[in-house]
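Here's the structure we're looking at; comments come further down.
Where a number appears in this text, it was derived from the coordinates with a stated rule and is not lab data. Treat the numbers as computed from the prediction; the structure is a model and nothing was measured. Here the Cβ positions follow ideal geometry from the backbone for every residue, glycine too, while neighbour counts run over all protein chains shown.
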Amino acid sequence: MFRKSLAALCTALLFSAASLVNAAANTTALPALHTEGNRIKNSAGTAVTLKGLSVIAPEQNSVCTDCNSKPINDLIDMTVSNGWNSKVLRLLVTEAIGTDLNAYDATYIKPYVDHAVAKGLYVIIDLHLVRNYGDAAGAVPQSDVKGFWDFIAPRYANNPNVLFEVFNEPIAPDNWSTWKSYIQPVVDSIRSVASNVILMGSPSWSTRLNGAVTDPITGGNIAYVYHLYPNQGPTTAASLDPKFGTASATLPVVLTEFGWDPSSSANQVTAGTTSGWGLPLRQYLDARPQIGWVGWVFDNFWAPVMFDKNWNLLSGEYEGAFIRDWLAGAPAASPCSDHLARGATVTASSTYDANSGAPKAVDGSCLDSGRWMSAVGDTTPVLTVALGTYKDVSQVDVYSGYGYPNVATGTVLTAFKVEGHTSAGWVQLGSYTANTKALVSTPVTTAAIDQIRLTISDPSSTTPDIARVYEVAAH
């Protein structure tokens with residue numbers, strides 16, 4: 001009994017010491033978080049919807065050889081400025097296993113946690129493993145994960161700004177009970193020293209949180225993670241409810257990864273658009289404030305990116321500007337309907353019929369009824385959009401085909417070029433052949449433009465061989 005009491009006293013002293021250290025570091029301490037029912041709440045009992053961004057792992061910040069890289073602290077500053085308004089920073093830990101954890105923490109974790117805390121952010125320390133778990137060859141042994149958190153948890157114990165994401169994406173075995181047996185001792189060890197909210201992944205790349213509905217991890221203050229990308233299907237309630245939406249009625253749920261990229265090939269994990277995938281996801285999540293989210297990824301190299309390699313914000317059907325506006329609380333709008341060219345004066349070399357006139361190319365509709373279509377026999381259709389005044393355009397998006405976003409094969413523009421009219425004359429912005437994409441995004445690096453022109457050399461590969469353009473959107 002005496003030994004147990006002495007151990008308890010020592011533990012209490014350690015907690016007090018850790019709290020003093022953390023309090024000293026916390027120049028902008030936020031209300032501590034905890035879970036209650038299906039919500040994350042602060043110390044005042046107010047429900048909190050976590051909304052933020054992941055940044056690239058600090059130790060991999062120089063991997064890209066042709067990127068204009070920025071220091072991680074500069075990225076953290078960017079997430080809370082220029083309209084971003086992020087409240088949560090997800091800080092990746094990718095190379096810590098098997099290293100000197102004291103040196104790793106001093107170099108790759110603590111400086112950025114301290115900086116984010118000073119900016120008034122909650123910080124997720126994410127052990128960013130994408131591996132099988134367990135004792136099989138090539139898997140991550142439980143001892144490695146436990147060893148990391150046995151070192152890290154006491155150092156950030158009860159820091160009100162810090163959350164722990166214990167294992168980013170365990171892959172296999174794809175079995176909840178096996179995963180629980182593996183991760184429960186890790187949680188127990190963390191809970192012996194820290195009460196910070198734990199973000200709990202699950203097998204199959206953190207897509208199996210439903211196992212927790214009937215068999216939750218014990219230890220308290222646990223929220224369950226889901227990672228969502230376009231390869232998992234549409235962002236409709238019918239698709240998302242069975243994945244995590246229904247579970248969020250009883251469990252705290254946070255999407256700590258999601259994102260999309262219109263430039264990805266159709267069979268890639270991230271292939272999706274803002275109007276077809278991101279916008280309905282926002283509408284789904286906005287209607288369910290119990291679900292928090294962290295956008296992936298605030299970077300110009302790791303995909304899907306929010307910036308080009310020179311840190312120009314990607315807009316239109318890319319996720320960058322959309323997620324920024326979402327964080328800022330701006331109204332939800334499709335980039336197909338909200339752009340600089342909407343309502344502009346348009347002329348076309350021909351028109352298919354009275355219901356498909358040139359103005360349909362800038363009417364803000366990506367429905368089949370909102371298309372300009374060229375006449376049969378016009379083998380090189382031309383569409384010109386007059387913006388009225390010179391405007392700073394960073395990107396031109398051309399939507400074409402039939403049945404957007406799931407277009408019919410062969411109905412998109414096959415070959416065309418995009419031009420912009422500057423004060424010095426017409427400049428080619430992009431040229432495309434053998435195109436199969438319903439959306440083609442063209443960056444604009446010229447001076448301000450007052451006109452956009454499409455010259456189409458191969459309208460489609462179907463009969464009739466006509467151009468079918470939903471929208472020419474300028475951002």
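Tell me the label-point distance for the pair Lys309, Asp368, using the 7 Å Cα-to-Cβ offset, in nm and rounded to one decimal.
Once both label points are built, they end up 4.1 nm from each other.
Work out, step by step, the length gained on full extension between Ser457 and Asn68: first 0.36 nm times the residue separation, then minus their alpha carbon distance; give nm to one decimal.
My answer for the length gained is 136.4 nm.
Lys and Arg at +1, Asp and Glu at -1: add these up for the other residues within a Cβ distance under 13 Å of Val187 and post the number.
Details: positive: Lys146, Lys180, Arg191; negative: Asp150, Glu165, Asp188.
It works out to a net charge of 0.
Of Ala361, Thr445, Ser177, whose Cα points farthest to the positive end of the dipole of the chain (charges on the beta-carbon: +1 Lys, Arg; -1 Asp, Glu; origin at the Cα centre)?
Farthest along the dipole direction, towards plus: Ser177.
Mind checking the dipole of the stretch 58-104: about its Cα centre, +1 per Lys or Arg Cβ, -1 per Asp or Glu Cβ, Debye to the nearest 20? Spell out each step's value before the answer.
Numbers: 3 positive and 6 negative charges, 54 e Å.
Using only the charged Cβ atoms, the result is roughly 260 debye.
State, as an integer percentage, the relative contact order of the stretch 345-474 based on alpha-carbon contacts under 8 Å between residues 6 or more apart.
The value is 35 percent.
Mind jotting down the distance between the C-alpha centroids of the stretch 192-209 and the stretch 217-240, whole Å?
12
Quick one: compute the contact order of the chain, relative version, from alpha carbon pairs under 8 angstrom and 6+ residues apart, as a percent.
Details: 1075 pairs, mean separation 57.5, N = 475.
Dividing the mean separation by the residue count of the chain yields 12 percent.
Given Trp311, His34, Met200, which one lies farthest toward the positive end of the charge dipole of the stretch 33-333, if we put +1 on the Cβ of every Lys and Arg and -1 on the Cβ of every Asp and Glu?
The Cα lying farthest towards the positive end belongs to His34.
What base-10 log of the normalised intensity I(q)/I(0) is obtained for the stretch 328-436 from the Debye formula, alpha carbons as equal point scatterers, at q = 0.13, 0.21 Å⁻¹?
Here the Debye-derived log intensity ratios amount to -0.53, -1.41.
Once fully extended, how much extra length lies between Ala106 and Thr236, figured as 0.36 nm per residue of separation less the alpha-carbon to alpha-carbon distance?
Details: separation 130, 0.36 × 130 = 46.80 nm, distance 4.33 nm.
Contour length minus the Cα-Cα distance gives 42.5 nm.
What's the center-to-center distance, using Cα atoms, between the stretch 63-89 and the stretch 266-308 in Å?
Each part reduced to its Cα centre gives a spacing of 17 Å.
Would you work out the charge dipole size for the chain about its Cα centre, treating the Cβ of every Lys and Arg as +1 and the Cβ of every Asp and Glu as -1, and quote it to the nearest 20 debye?
Numbers: 29 positive and 39 negative charges, 223 e Å.
In debye, rounded to 20, the chain gives about 1080.
Between beta-carbons, use under 10 Å as the cut-off and find the net charge around Thr379, counting Lys and Arg +1, Asp and Glu -1. Before the final figure, lay out each step's value.
Values: positive: none; negative: Asp378, Asp458, Asp465.
In short, -3.
What lysines does Lys41 reach when the alpha-carbon gap must be under 24 Å and sequence neighbours fewer than 8 apart in one chain are set aside?
Correct list for Lys41: Lys51, Lys87, Lys119, Lys243.
Using Cα centres only, tell me the gap between the stretch 430-475 and the stretch 166-184 in whole Å.
So the separation of the two Cα centres works out to 46 Å.
From the P(r) of the chain, can you give the percent of Cα pairs sitting at distances over 36 Å?
On the way: 41266 of 112575 pairs.
In whole percent, the long-distance tail amounts to 37.
Given the rule -39500 (n - 2.57) for each run of at least 4 DSSP H residues, summed and divided by the residues of the chain, what is its mean residue ellipticity at 222 nm, to the nearest 500 deg cm²/dmol? Present the calculation step by step, with values, prior to reporting the outcome.
Values: 11 runs with 103 residues, N = 475.
Estimated from H runs of four or more residues: -6000 deg cm²/dmol.
Once you have the Cα-Cα distance between Ser423 and Thr380, take 0.36 nm times their residue separation minus that, and quote the gain in nm to one decimal. Let's see the in-between values first.
Values: separation 43, 0.36 × 43 = 15.48 nm, distance 2.60 nm.
Working it through step by step, the gained length comes to 12.9 nm.
Please list, or write none, the lysines whose alpha carbon is within less than 25 Å of the alpha carbon of Lys360, excluding same-chain residues fewer than 8 places away.
In chain and number order, the partners are Lys391, Lys417, Lys437.
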